[in-house]
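Down below is the structure, laid out as structure tokens.
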Amino acid sequence: MKQNIQRLGYVVLGCFVVVSLYLGYVSVFWGPRLNAHPYNRRLIALEARIQRGSIYDRQGVILAQSKEGRRYYPLGELAAHPVGFVSALYGKTGLEAALDAYLLGQAPGDRVRMFWDRLRGRVPVGNDVVLTLDARLQRLAMQLLAGRRGAAVVLNPRTGAILAMASSPGFDPNRIEENYQAVQREKEAPLFNRATQSAYPPGSTFKVVTAAAALAAERGTAKRVFDCQGSITVDGFVLRDTVAHGRVSFERALVESCNSTFALLGLELGAQRLYRAARSFGFEQNPWENTATPFWPYRPGSLTPPEKMSRPLLASSAIGQGEVLANPLQMALVAAAIANGGVIMRPYFVERVLDPSGRVLYRSEPRTWVKATDGEVAEIIKKAMVAAVREGTGREASLPGVNVAGKTGSAQNPHGDAHAWFIGFAPAEAPRVAVAVIIENGGSGGIVAAPVARELLALALSLSGEGNSR
Amino acid sequence: MPASTLGRSRSVERKLLLYAGAYLGTGTAILFLHGYGKVPWTVLAGAATAFLSFILLHFFWSFKGFGGDPFLLPLVALLSFTSLLFLYRLNPAYAVRQFAWLLVGVASLWAVTCWFPRYQALADYKYLYAFAGAVALLLPIFCGVEQGGARSWLDLGLFYVQPSEFVKVLLVLFLAAYLAENRLLLSAGNFKVLGVFLPSPRDWGPMLVMLGVSLLLVIFQKDLGAGLIYFATFLAMVYVGTARAAYVLLGALLFLAGAAGSYFLFDHVRLRVQVWLNPWALIDTAGYQIAQSLFALASGGLWGTGLGKGMPEYIPAVHTDFIFAAITEEMGLGGALAFLVVYMLLVYRGFLVAVSSRDEFGSLMAAGLSALLGLQALIIIAGVSKLLPLTGIALPFLSYGGSSLVANFILLGLLLNVSHHVCFDGAGKEAS
């Protein structure tokens with residue numbers, strides 16, 4: 001009988017071993033899936049235990065704040081796209097999502113402080129974030145776009161700091177829980193951040209890239225004179241201008257936005273060099289990698305890869321049509337490249353992150369993103385862009401007493417009237433502000449987009465001047 | 001008998017109890033600092049009293065020269081203390097009631113070891129156990145109350161009693177006595193069925209009747225967990241008594257047939273199996289509880305969230321059947337495995353007692369009680385982790401519930417009594 005007992009004992013203890021191994025399997029192999037399961041309320045509850053930090057603009061204006069378990073957005077729809085929203089039902093978007101770890105106090109530097117808070121039974125408080133955005137500029141941008149579909153981006157070309165990011169139509173983040181279903185169904189897609197998630201043909205604003213490529217390939221291009229007949233035919237494909245510009249210098253071609261000239265320059269460059277130039281201006285790349293907001297929703301600019309580029313497609317790509325697509329931030333960065341001597345700084349939103357006691361956890365440092373072109377080329381193009389605003393297509397963007405540089409675009413698209421574009425910067429001799437504006441199906445860039453850019457440049461310059469005087 | 005050896009073994013018990021006390025003290029300090037409960041001081045007073053009850057029992061045994069196994073009491077103390085800490089953390093009201101039952105349990109342990117140290121006499125009353133067990137199981141059918149889908153409780157005004165918990169112990173006592181008397185007849189077998197020699201029905205009869213009655217009753221009470229425990233314990237003890245694997249095989253086949261039959265007959269059994277196979281499809285209804293339990297098991301990671309830092313309260317009925325999930329969430333996989341080791345040690349010492357017992361009744365009883373203890377822990381832990389279909393039974397010494405706690409303390413007392421008689425030999429051998 002002793003032997004029977006022994007055997008029974010082994011069986012029972014063996015069962016315990018099996019259960020132990022199985023528990024290990026549940027914990028280690030199932031664990032990640034179980035922890036992320038939508039029916040698991042632990043993540044949401046954990047967040048509810050933490051007081052989420054606030055988001056401020058560069059002047060300390062509150063953009064998002066938690067009070068009595070609710071999240072408030074004082075600017076409402078004016079900053080809805082960059083700031084985003086937090087919802088237990090619909091998740092997080094914008095900077096609320098991108099800076100989640102900071103706002104919840106879950107960043108690596110927060111461990112000790114949060115542990116002490118919990119140990120002492122206090123409500124743990126997340127970190128506050130100070131953005132580069134300026135509420136006044138943001139408000140103006142949204143007001144200028146109101147009633148139209150479009151986007152505007154204002155940034156500092158010397159640092160990459162984003163001063164305003166507007167996308168229209170907007171939505172009210174304060175009432176997103178009630179309205180989400182309706183807002184999401186709207187045809188104009190208000191939740192979509194047109195400033196960074198979109199893909200528009202850039203039209204003539206892309207000529208800046210083509211010009212840089214042509215000058216980089218042959219510096220003598222600047223001295224060339226072209227003959228514009230009002231159209232150019234490439235392998236049977238006809239590319240038209242609005243008028244025949246006749247004999248034009250290189251600078252004149254950019255000022256008058258001559259399609260024939262730039263199509264010809266594109267053909268001379270070849271697909272390889274045009275593609276490489278676009279890449280060096282940031283196309284096909286994501287500037288948010290290795291930043292404080294690495295997963296910012298971004299649709300990189302794109303164009304046909306050289307091996308698939310036909311000659312007619314190459315000609316239309318050179319004037320920003322064909323398959324060239326870009327978002328407004330990308331085009332603002334193209335302007336910034338010319339403004340900043342050919343160097344594009346990495347765009348950023350976060351000025352600094354402060355823990356509840358005011359200690360700085362993170363401070364942004366301007367970082368170079370890509371070298372788009374060399375300073376000499378940038379200087380030639382800048383001169384042409386100044387002339388374009390002074391006497392060319394961009395006259396509507398001119399400001400009294402300030403040298404504004406700019407390039408218009410009226411991008412043909414299959415959805416109706418041309419998209420109205422304007423990219424530019426000011427003051428030309430020492431640029432502090434770069435801008436890109438698009439009005440969907442707005443028509444002529446010089447008439448519709450340039451005035452918006454003018455107002456934004458004016459306010460941004462007065463604000464940055466005020467900043468400088470302090 | 002070398003008294004020094006005995007004294008040493010009790011001193012081992014004292015040392016281990018002090019460790020368990022330090023563990024309780026740490027947990028209590030955490031709960032106290034967090035301010036759980038309306039009157040934070042109650043947690044200190046309760047913990048002190050609980051510890052004191054164990055240490056007093058220890059001193060009583062030392063004084064009387066009781067030779068029971070020195071490892072069992074500290075292991076049970078560790079489990080009981082954990083139960084109090086977690087119940088207090090989940091809902092102080094549960095902990096207060098469990099605390100009262102713990103004192104009753106320790107008192108019953110004292111009574112069993114003090115009044116019936118000569119366990120051999122217990123073998124004489126086997127039919128009384130059978131009768132008492134049957135009555136205890138019949139009562140809830142006629143005048144019981146239903147809780148958690150099982151009609152197995154008696155309302156005694158001040159508290160509920162679950163007779164099926166005590167019947168587990170009675171079943172072991174009856175089987176041990178019956179097998180000790182008839183095991184040779186049973187293991188010989190003179191009656192051929194399906195190529196297997198079986199003993200005559202006259203020898204089998206009483207045992208099968210007892211088991212059949214108890215299984216029928218749990219079916220009427222809809223208490224699947226108790227039924228499974230009875231059957232598994234029955235098979236384990238028949239194997240120990242007869243060494244005939246064929247019986248176990250036959251029993252297992254019978255069980256599978258019964259399980260298949262009830263799958264087609266009873267909706268609640270079918271639902272259990274469906275939930276076990278795929279709880280995610282039924283997550284809004286019947287699968288909700290097991291899904292929440294799995295979330296809790298996973299959220300603890302390796303080392304747990306820490307006492308009071310998890311969210312086990314999302315699991316319905318977490319304080320009874322699902323306390324293991326709560327413990328795993330807050331103590332992690334490490335803590336969960338540690339408690340499995342505690343149960344393994346308890347079962348191991350139990351089987352050691354069974355092997356060393358000099359009489360067959362003692363061996364059978366100790367083996368049966370150890371198997372019963374281990375099976376309860378295994379079945380509910382496998383249930384809450386979706387290894388087996390979930391059947392609601394209490395996790396010994398950890399789950400909330402007075403009947404289970406007191407019944408398991410009586411089980412422990414019986415085991416200690418058997419070990420008291422082997423210890424004389426064992427101690428002598430050790431000393432020589």
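Some notes on this structure:
- Count - residues of region B:312-324 that are within 10 Å of another protein chain (Cβ to nearest Cβ) and either in contact with a Gly (Cβ under 7 Å, 6 or more places away or on another chain) or free of Cβ contacts under 8 Å to residues at least 60 places away in the same chain (or both): 1
- Selection from region B:15-43 of residues that are in a helix (DSSP H, G or I) and in contact with a helix residue (DSSP H, G or I) (Cβ under 6 Å, 6 or more places away or on another chain): B:LEU16, B:LEU17, B:ALA20, B:GLY21, B:LEU24, B:GLY27, B:THR28, B:LEU31, B:PHE32, B:VAL43
- Criterion violated by B:ILE283 - all others in (1) modelled with pLDDT of 95 or more; (2) within 8 Å of chain A (Cβ to nearest Cβ) satisfied: (1)
- Residues that are in contact (Cβ under 8 Å) with a residue 12 or more places away in the chain and farther than 25 Å from B:SER370 by Cα were ranked within region B:156-169; the one that is surrounded by the most Cβ atoms within 10 Å (Cβ to Cβ) is B:TYR160.
- Filter pass, A:VAL153 being over 30 Å from A:GLY406 (Cβ atoms) and more than 14 Å from chain B (Cβ to nearest Cβ): no
- Under the condition of being within 25 Å of B:TYR230 (Cα to Cα) and either of a type outside the set (Phe, Trp, Tyr) or more than 7 Å from every other protein chain (Cβ to nearest Cβ) (or both), the residues counted in region B:325-355 number 15.
- Residue under evaluation A:VAL129, criteria (1) crowded, with 22+ Cβ neighbours inside 10 Å; (2) within 30 Å of A:SER317 (Cβ to Cβ), criterion not met: (2)
- Cross-chain or 6+ apart pairs with Cβ under 6 Å, region A:311-336 first and closer than 14 Å to A:PRO157 by Cβ, then assigned to a helix (DSSP H, G or I): A:LEU329/A:ALA195; A:LEU329/A:THR196; A:MET331/A:THR205; A:VAL334/A:VAL208
- Number of residues in region A:25-49 that are facing chain B (nearest Cβ under 9 Å) and either closer than 16 Å to A:PRO124 by Cβ or among the hydrophobic types (A, V, I, L, M, F, W, C) (or both) equals 7.
- Within region B:366-389, the only residue that satisfies the criterion of being more than 10 Å from every other protein chain (Cβ to nearest Cβ) and surrounded by fewer than 24 Cβ atoms within 10 Å (Cβ to Cβ) is B:PRO389.
- Residue that is more than 24 Å from B:THR113 (Cβ to Cβ), in contact (Cβ under 8 Å) with a residue 12 or more places away in the chain and buried (at least 20 other Cβ atoms within 10 Å of the Cβ), where the choices are B:LEU87, B:LEU73: B:LEU87
- Screening A:PRO300 against (1) in contact with a helix residue (DSSP H, G or I) (Cβ under 7 Å, 6 or more places away or on another chain); (2) under 26 Å from A:SER167 (Cβ atoms); (3) in a loop (DSSP other than H, G, I, E, B) leaves a single unmet condition, (1).
- Just one residue in the set A:GLY53, A:GLY60 is farther than 29 Å from A:LEU89 by Cα, more than 8 Å from chain B (Cβ to nearest Cβ) and under 32 Å from the mean Cα position of the chain (by Cα); that residue is A:GLY60.
Condition check ((1) surrounded by 24 or more Cβ atoms within 10 Å (Cβ to Cβ); (2) under 20 Å from the mean Cα position of the chain (by Cα); (3) among the polar types (S, T, N, Q); (4) assigned to a loop (DSSP other than H, G, I, E, B)) across all residues:
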residue: A:GLU376; (1), (2), (3), (4): no, no, no, no
residue: A:ILE381; (1), (2), (3), (4): yes, no, no, no
residue: A:ALA387; (1), (2), (3), (4): no, no, no, no
residue: A:ARG390; (1), (2), (3), (4): no, no, no, no
residue: A:LYS407; (1), (2), (3), (4): yes, yes, no, no
residue: A:GLY446; (1), (2), (3), (4): yes, no, no, no
residue: A:ALA449; (1), (2), (3), (4): yes, yes, no, no
residue: A:ALA460; (1), (2), (3), (4): yes, yes, no, no
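- Hits in region A:409-433 (condition: in a strand (DSSP E or B), in contact (Cβ under 8 Å) with a residue 60 or more places away in the chain and more than 21 Å from A:ILE319 (Cα to Cα)): A:VAL433
- Failed item, numbered, when A:TYR22 is tested on (1) aromatic (Phe, Trp, Tyr); (2) within 14 Å of another protein chain (Cβ to nearest Cβ); (3) within 37 Å of the chain's Cα centre (by Cα): (3)
- Selection status of A:ALA244, closer than 23 Å to A:THR408 by Cβ, surrounded by 20 or more Cβ atoms within 10 Å (Cβ to Cβ) and not charged (D, E, K, R): no
- Within region A:31-46, none of the residues are under 30 Å from B:LYS386 (Cα atoms), modelled with pLDDT of 95 or more and surrounded by fewer than 19 Cβ atoms within 10 Å (Cβ to Cβ).
- Out of B:SER399, B:SER419, B:SER363, B:SER403, one residue alone is within 12 Å of chain A (Cβ to nearest Cβ) and either in contact (Cβ under 8 Å) with a residue 40 or more places away in the chain or on the phi < 0 side of the Ramachandran plot (or both). It is B:SER363.
- So B:GLY21, is it closer than 30 Å to B:GLY310 by Cα and modelled with pLDDT under 95: no
- In region A:363-384, residue farthest from A:ALA161 (Cα to Cα) [restricted to those that are touching a residue at least 40 places away in the same chain (Cβ under 8 Å) and among the hydroxyl-bearing types (Ser, Thr, Tyr)]: A:THR373
- Any chance A:SER398 is free of Cβ contacts under 8 Å to residues at least 40 places away in the same chain, more than 21 Å from the chain's Cα centre (by Cα) and surrounded by 15 or more Cβ atoms within 10 Å (Cβ to Cβ): no
- Filter result for B:VAL269 (more than 14 Å from chain A (Cβ to nearest Cβ), surrounded by 15 or more Cβ atoms within 10 Å (Cβ to Cβ) and of a type in the set (Val, Ile, Thr)): yes
- For region B:238-246, the condition of being within 14 Å of chain A (Cβ to nearest Cβ), in contact (Cβ under 8 Å) with a residue 40 or more places away in the chain and touching a His at 6+ places or on another chain (Cβ under 9 Å) holds for none of the residues.
- Filtering region B:286-305 to residues that are among the aliphatic types (A, V, I, L, M), more than 14 Å from B:LEU387 (Cα to Cα) and within 10 Å of another protein chain (Cβ to nearest Cβ) leaves B:ALA296, B:ALA298, B:LEU302.
The values are calculated or read from the model by the stated rules, or taken from the named source; none is laboratory data. A quick note: this is a predicted structure, and the numbers were derived from the prediction, not measured. Cβ atoms come from the backbone with ideal geometry, glycine included; neighbour counts cover every protein chain shown.
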